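Every number here is computed from the coordinates shown, using simple stated rules; none is lab data. Because the structure is a prediction, the values reported are computed rather than measured. Virtual Cβ from ideal backbone geometry, glycine too; neighbours counted across all protein chains shown.
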Amino acid sequence: MTASALPARYAGLELLASSVLVVDAAGSVLYANPAAENLLETSVKQLGRSTLAALFDNGGELAELCAEALAQRWSDRRQDLTLRRHGREPLHVHSIVTAAGEGQVVVELRENVQQLKLDREERMLDQSQANKELIRNLAHEIKNPLGGIRGAAQLLERELPPAHAADLSEYTQVIIKEADRLQVLVDRLLAPHRRPHIVGDVNIHEVCERVRSLIQAEFPVGLTIRRDYDASIPEFRGDREQLIQTVLNIAHNAAQALLDRIAQGDAEIILRTRVARQVTLAKVRYGLALDLHIIDNGPGIAPEIRDRMFYPLVSGRAGGSGLGLTLAQTFVQQHLGVIECESRPGLTDFRILLPLP
């Protein structure tokens with residue numbers, strides 16, 4: 001039997017969302033459903049020319065499970081595996097291996113979402129740390145010559161000939177003003193590292209209400225801000241001002257993205273709070289966590305910047321500084337939390353998870 005042949009008993013497997021492979025006693029792949037083709041990024045024809053052990057650099061572990069199933073040591077075996085493929089990202093899967101009779105084994109592979117989430121968080125933490133070091137070093141390198149440029153422009157302005165001072169001072173003022181603008185940018189880059197982390201009791205709903213009032217004052221018409229709060233969420237220890245700035249940066253970005261819908265009068269931002277249970281944040285398990293969502297019905301984040309939107313100086317709109325989300329991520333990480341985002345046209349959902357006592 002070849003992979004291209006589709007016996008009637010496999011027809012139902014075509015509709016499954018989970019990946020299914022059928023292998024024989026020798027480990028050869030007899031059948032793969034479309035979900036398996038997508039997961040393994042390999043066509044059914046190529047899979048049919050391979051063995052289970054050869055599909056992965058460490059495929060022997062999965063092949064051994066199949067051999068044990070054929071030996072009828074158990075009816076099915078469930079195990080979390082990390083399947084490595086040369087030149088590709090490793091697959092974190094939950095495998096279910098079942099003997100199917102006639103010397104065949106059914107292998108079901110489901111992506112391990114929790115492991116993927118942990119890996120993604122670890123990459124974000126590493127990238128954030130690298131960004132902070134880069135920002136700190138770059139800001140200090142810019143700051144020193146910037147003061148010299150501004151000072152030289154001021155001295156030059158004093159030495160201008162009186163007859164031409166009015167005309168030429170326009171140029172020295174351009175230098176001074178641009179130096180001041182860059183100084184403000186550098187100060188914003190260094191702000192999270194300079195300002196002490198002031199810890200006190202924080203009520204997350206007071207934070208959300210402060211942000212709501214600020215956004216509503218700036219956009220009084222055409223924007224509805226809905227509150228969906230869980231009043232049972234306890235106070236926790238944190239830096240209130242940092243958390244206000246975090247939520248404000250995200251909500252303000254949302255409002256800017258909603259300008260067209262604000263003009264139409266149907267723009268909406270939702271502030272939602274919930275309690276999440278048994279959450280792993282930065283490899284630490286917490287019994288309770290704050291689950292805060294800032295949701296808007298805007299056009300969504302452009303695909304080309306979605307993977308790097310937390311990088312410094314990356315902005316999705318003209319005139320944006322590209323620092324709002326970077327600062328938000330830094331402040332959330334200082335509270336031992338994580339920030340995530342899901343976005344598509346019509347819905348963007350920023351999720352902040354912070355440990356609760």
remark   = Taking a crude spin-label model, label points 7 Å out from Cα along the C-beta direction, the residue 226 to residue 141 distance in nm is 4.8 nm
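Give, in whole angstrom and from largest to smallest, the semi-axes √(5λ) of the equivalent ellipsoid of region 200-355, with λ running over the eigenvalues of the Cα gyration tensor.
Semi-axes, largest first: 25, 18, 14 Å.
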message = Can you give me the distance in nm between label points at residue 305 and residue 37, each placed 7 Å from the Cα along the Cα-to-Cβ direction?
response = 3.7 nm
message = So if each residue of separation counts as 0.36 nm, and I subtract the Cα-Cα distance between residue 169 and residue 340, what length gain in nm does that give?
response = 56.7 nm
remark   = Distance in Å, no decimals, from the C-alpha centre of region 237-311 to the one of region 147-161 is 45 Å
query = Could the peptides 147-154, 242-249 be put in order, highest first, of the mean number of other beta-carbon atoms found within 10 Å of their residues?
reply = 242-249, 147-154
remark   = Excluding residues fewer than 8 positions from residue 177 in its own chain, the aspartates and glutamates with Cα under 17 Å of it are 157, 167, 187
key: Estimated FRET transfer efficiency when R0 is 22 angstrom, pair residue 217-residue 259 (beta carbons, to 0.05)   = 0.85
